[in-house]
Amino acid sequence: MKSSSANSKNIVEKMTSEPVSRLIVTLAIPTILSMMVTAIYSMADTFFVSKLGTSASGAVGVIFSLQAIVQAVGFTIGMGSGAIVSRALGAKNQEKADRYCSSAFFFILSAGILLALFGFFFKDWIIVRLGATPTILPFARSYMSWILLGIPFMASTFTLNNQLRFQGRANLAVVGLATGGILNIFLDPLFIFVFNFGISGAAIATSLSQLTSFSILLSMFLRKKTAARISPACISKSPRTYAAILKNGFPSFCRQGLASLSTIMLNVAAGAYGDAAVAGMSITGRAFHFLMAISIGIGQGFQPVCAMNYGARLGKRVKEAFFFMIKFSAAVMMTLGVFVFIFAPEIIRLFRDDDMVVLVGAAAMRFQCLTLPFHSIMHGVNMTLQSSGQAKSATFLSSLRQGIYFIPMILIFPHFWGLPGVEVTQTAADILTSLTSIPFAVAFFKKLPIIDGKA
């Protein structure tokens, strides 16, 4: 069995010498699968729970906001430490890579336990503030009770996944996530309908699946299949280590934490128009979470290439990788956007055969399809800045889509345009965020020659 040091040397050599287009596609495929599997967890629950009724379907959408917060925390620690580990490997600093990898794992495991405990103590208070209507509340309470048990494993899974990805081992990451995702699809109908657990069955299936993914991903580190290792001996006692992880990962927290906040505000705004509106917007959100997984997956396939070559001071390869990623992602998302736009009503009806739910969901879905090609710029620029350690700029851009632009719009648009205002808000925020990202990309590449004079 190869040691972590030998793995590190081989991975860095590959990432800094092979054609960037081949590297990005090779890394993007398992990364996209990983992101899609993450989306499958929520989509499977949405699909099967929707058979129980509109209020039950809305409950899953409401608790999805909580799961999104957990995912945001996991990604914050995972991407914050992962980018540092990747740059350290590129600079051939194995001790630093091991220190940040180990510290991040024990950090997220502790944070996950604290989040679960908080959820148990303030369950109903949280559910109401997530946007549950009185008819949705009892379903949401049953679903959330079991989801909380899996939160430490869920959060840790996202961190381990990102650690593997930044070390160029996305193929290993997808094994753990895919196993959990497939298991969830089979357990959902078993627990919901065969064992007659109802909506609680969907949550039990999800938590068991997350535990399975967590165990498989952790085993990759324990079996030394990675470039950096996880060991209690490598845990840092310095607050600076954790501050660096949080600082570098904060763009991810803004990107996904604000996504959770925006979902909550969307549920509250849609709730004024009834449970069908909440269900329609929730299904649209889940479907686009799945589509966004592809765009983000391509960007995340690019991130380790960017980070390691930036750490190795190979500016020309960073630029080449960036422009390939933008073109590749835009082409894929445009193709998907056309398909989803045409079949939007049919997609919504797969989840809930309710005319009002379809009417609301299809309109929102078609609006959002118009911006899918622009996601390549929006995510690509943000991930470039985060991978290269430019946390402030990356954090600002991460705050735009679901925060600085979205929040005022979701408060203002429904006031003037009613339900259509709710449906169009995300589209408007996406367009503005993409346009704002372009000057940051121009500024980054103007400064890039300072690194090595090769760009």
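The values are calculated or read from the model by the stated rules, or taken from the named source; none is laboratory data. Fair warning: this is a prediction, and the values are worked out from it, not measured in the lab. Cβ sites come from the backbone with ideal geometry, for glycine too, and all protein chains shown count toward neighbours. Accessible surface is based on the protein model in full, side chains and every heavy atom, while ligands, DNA and RNA are left aside. Shrake-Rupley method; radii C 1.70, N 1.55, O 1.52, S 1.80 Å.
Sort R349, R165, R313 by accessible area with a 1.4 Å probe, largest first.
R313, R349, R165
Taking θ = phi - 60°, what integer Hz values does the Karplus form 6.51 cos²θ - 1.76 cosθ + 1.60 yield along segment 189-206, in sequence order, with x for Gly and Pro?
Listing the rounded values in order: x, 5, 6, 6, 9, 6, 7, 6, 8, x, 5, 4, x, 5, 5, 4, 4, 5 Hz.
Sequence-distant or interchain residues sharing an amide H contact under 5 Å with S231, placed H: which?
Result for S231 returns S102.
Report, as a whole number in µm² per second, the diffusion coefficient that Stokes-Einstein gives for segment 273-420 at 20 °C and 1.002 mPa s using the Kirkwood radius over alpha carbon pairs.
Answer, rounded: 127 µm²/s.
Roughly how big is segment 301-368's charge dipole about its Cα centre, with Cβ charges of +1 (Lys, Arg) and -1 (Asp, Glu), in debye to the nearest 20?
That gives a dipole near 660 debye.
First measure r as the distance between the Cβ atoms of R240 and I342, then evaluate 1/(1 + (r/R0)^6) with R0 = 56 Å and state the FRET efficiency to the nearest 0.05.
Efficiency computed from Cβ-Cβ geometry: 0.60.
When the helix-only estimate is applied to the chain (DSSP H runs of n ≥ 4, each -39,500 (n - 2.57), divided by the residue count), what is the mean residue ellipticity at 222 nm, nearest 500 deg cm²/dmol?
-28000 deg cm²/dmol
Counting pairs of Cα atoms in segment 1-154, how many percent are more than 25 Å apart?
In whole percent, the share of Cα-Cα pairs in segment 1-154 beyond 25 Å is 47.
Can you tell me the equivalent ellipsoid semi-axes for segment 66-151? Use √(5λ) from the Cα gyration tensor, largest first, whole Å.
36, 12, 8
Can you run phi through the Karplus equation (6.51, -1.76, 1.60; θ = phi - 60°) for segment 286-302 and list ³J(HN,Hα) in whole Hz, with x for Gly and Pro?
5, 4, 6, 4, 5, 5, 4, 4, 6, 4, 5, x, 5, x, 6, x, 6
Which is the longest part of the chain that has none of the chymotrypsin sites (Phe, Trp or Tyr not before Pro) sitting in a DSSP loop with at most 15 other Cβ atoms within 10 Å?
Between the exposed loop sites, the longest stretch runs 196-342.
Charges only on Cβ, +1 for Lys and Arg, -1 for Asp and Glu: so what's the dipole of the chain about the Cα centre, in debye to the nearest 20?
So the magnitude is around 2060 debye.
Taking 0.36 nm per residue of separation and subtracting the Cα-Cα distance, what length does fully extending L411 through D124 add?
100.9 nm
Go through segment 169-184 residue by residue and turn each phi into a ³J(HN,Hα) via Karplus (6.51, -1.76, 1.60, θ = phi - 60°); whole Hz please, and just put x for glycine and proline.
10, 4, 5, 6, 4, 5, 4, x, 5, 5, 4, x, x, 5, 4, 4
Over the chain, what lengths in whole Å, largest first, do the semi-axes of the equivalent ellipsoid take, defined as the square roots of 5 times the eigenvalues of the alpha-carbon gyration tensor?
In descending order, the three semi-axes are 35, 26, 19 Å.
Please express the Cα-Cα pair-distance distribution P(r) of segment 20-90 as a list of whole percents, one per 10 Å bin, running from 0 to the bin with the greatest distance.
Histogram of Cα-Cα distances, whole percents per bin: 16, 33, 29, 15, 6, 0.
When each pair of different Cα atoms in segment 226-356 is counted once in the 1/r mean, what is the Kirkwood radius in angstroms, to one decimal?
Taking every pair of different Cα atoms in segment 226-356, averaging 1/r and inverting gives 18.6 Å.
Per residue, how big is the convex hull around the C-alpha atoms of segment 194-239? Give it to me in cubic angstrom, could you?
126 Å³
Quick check for me: using +1 on Lys/Arg Cβ and -1 on Asp/Glu Cβ, what's the dipole size of segment 9-123 about its Cα centre, in debye to the nearest 20?
In debye, rounded to 20, segment 9-123 gives about 140.
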